[in-house]
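Have a look at the structure below, then the notes.
The values are calculated or read from the model by the stated rules, or taken from the named source; none is laboratory data. All values reported here derive from a predicted model rather than from experimental measurement. Here the Cβ positions follow ideal geometry from the backbone for every residue, glycine too, while neighbour counts run over all protein chains shown.
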Amino acid sequence: MSYQLICTDIDGTLLNKDRALSKTTIEQVQRVSNIPFVLISSRMPNGMRHLQREFKNEKTPLVAYNGGLILNNNEVLHSTYIKNSVLAEIINQCTHTSIHLSLFHADEWYVPAMDYWAKREENNTKVTPVVKSNIEVLNAWNNEEKGAHKIMCMGDETEIDILYKSLEKKFSNEILLYRSKETYIEISHKDISKKTAIDVLLKHCYPTLSMNNVVAFGDNYNDIEMLKAVGLGVAVGNANYEVLKVADAVTDTNKNDGVAKAIKEYF
């Protein structure tokens, strides 16, 4: 099979233990620079562009928010966001808890305070949020007819458990809830995924290619559908058991340059 497009998750897959790109990874991606190398992540676009700059492939499309926002040279190919009525209820349910709500739309990131959770994400993504109350953001988005591409709920594990069960029961037809950690819930629109994002890329950017021409890398539950759909789905060695089960191949861990080693092997 001729593999002509590479799509990869970032956190836990592409980045090393320092949450950075290793020299080996950069070298391998640049060695096959004739093949588009697409970052496909739950991150916001600004949390991905510095990685593109390191690879020197800024003109490659970006898939942000697990497919909620797809950009090609800053042109919006696809955008799906959560209804503000759902956001209002999430804010309401978190009001008397210690849960931190981060709200994202395109390159906008709002936090109610620069607390532990905001600083942690700032360190991970190299992006600084704007401090603004959740209600103020909701009101502004209502006026501007915008919504959240992603909502991140971070906090005490017990409170996160309660919130997860409540939202799953009430909004299972509208939102997708994803536990990236025991203390995190990442929320996106029900209709998007990394697999649907690749469908958009193939239609608009690479019309001569099919899913069979795609190699994808991942480590977590939100990568499963993508890995099953593409021609070669590769799990890093540190991936969740369910991801390892569905992958066509398993490479080394993210800490040991797994993606770079697979690129060297398959290309």
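Results, tabulated for the structure shown:
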read-out: Among (1) assigned to a helix (DSSP H, G or I); (2) crowded, with 17+ Cβ neighbours inside 10 Å; (3) of a type outside the set (Val, Ile, Thr) - the single one Phe217 does not satisfy; value: (1)
read-out: Test: residue in region 36-53 that is farther than 28 Å from Tyr110 by Cβ and in contact with a Leu (Cβ under 7 Å, 6 or more places away or on another chain); value: yes
read-out: Within region 102-114, considering residues that are in contact (Cβ under 8 Å) with a residue 40 or more places away in the chain and touching a helix residue (DSSP H, G or I) at 6+ places or on another chain (Cβ under 6 Å), the one nearest to Gln52 (Cα to Cα); value: Asp107
read-out: Unique match (being buried (at least 17 other Cβ atoms within 10 Å of the Cβ), within 25 Å of Thr196 (Cβ to Cβ), in contact (Cβ under 8 Å) with a residue 60 or more places away in the chain and not assigned by TED's automatic domain parsing to the domain that holds Leu244) among Ile40, Ile99, Ile90; value: Ile90
read-out: Some residue of region 82-91 being out of contact with any Ser or Thr (no Cβ under 8 Å at 6 or more places or on another chain) and farther than 22 Å from Leu167 by Cβ; value: no
read-out: Leading residue by the ranking (farthest from the chain's Cα centre (by Cα)) among those in region 12-36 that are of a type in the set (Ser, Thr, Tyr) and surrounded by 15 or more Cβ atoms within 10 Å (Cβ to Cβ); value: Thr24
read-out: Selection within region 59-78 - assigned to a strand (DSSP E or B), out of contact with any helix residue (DSSP H, G or I) (no Cβ under 8 Å at 6 or more places or on another chain) and under 12 Å from Ser188 (Cβ atoms); value: Leu69
read-out: Any hit, region 185-198, residues being within 20 Å of Asn66 (Cβ to Cβ) and over 17 Å from the mean Cα position of the chain (by Cα); value: no
read-out: Test: residue in region 163-170 that is among the hydrophobic types (A, V, I, L, M, F, W, C), within 21 Å of the chain's Cα centre (by Cα) and assigned by TED's automatic domain parsing to the domain that holds Ile70; value: no
read-out: Residue match in region 182-194 (condition: assigned to a helix (DSSP H, G or I) and either touching an Asp or Glu at 6+ places or on another chain (Cβ under 8 Å) or at pLDDT below 95 (or both)); value: yes
read-out: Identity of the residue in region 115-154, among the acidic types (Asp, Glu) and under 22 Å from Leu51 (Cα atoms), that ends up surrounded by the most Cβ atoms within 10 Å (Cβ to Cβ); value: Glu121
read-out: Subset of region 102-114 that is among the hydrophobic types (A, V, I, L, M, F, W, C) and within 15 Å of the chain's Cα centre (by Cα) - its residue that is surrounded by the fewest Cβ atoms within 10 Å (Cβ to Cβ); value: Ala106
read-out: Residue satisfying all of: in region 235-264; under 22 Å from Lys17 (Cβ atoms) and of a type in the set (Asp, Glu); surrounded by the most Cβ atoms within 10 Å (Cβ to Cβ) among these; value: Asp257
read-out: Residue pairs meeting the criteria (Cβ under 6 Å; at least 6 apart or on separate chains; first more than 20 Å from Leu232 (Cα to Cα) and assigned by TED's automatic domain parsing to the domain that holds Met48, in region 4-18; second surrounded by fewer than 23 Cβ atoms within 10 Å (Cβ to Cβ) and of a type in the set (D, E, K, R)); value: Asn16/Lys255; Lys17/Lys255
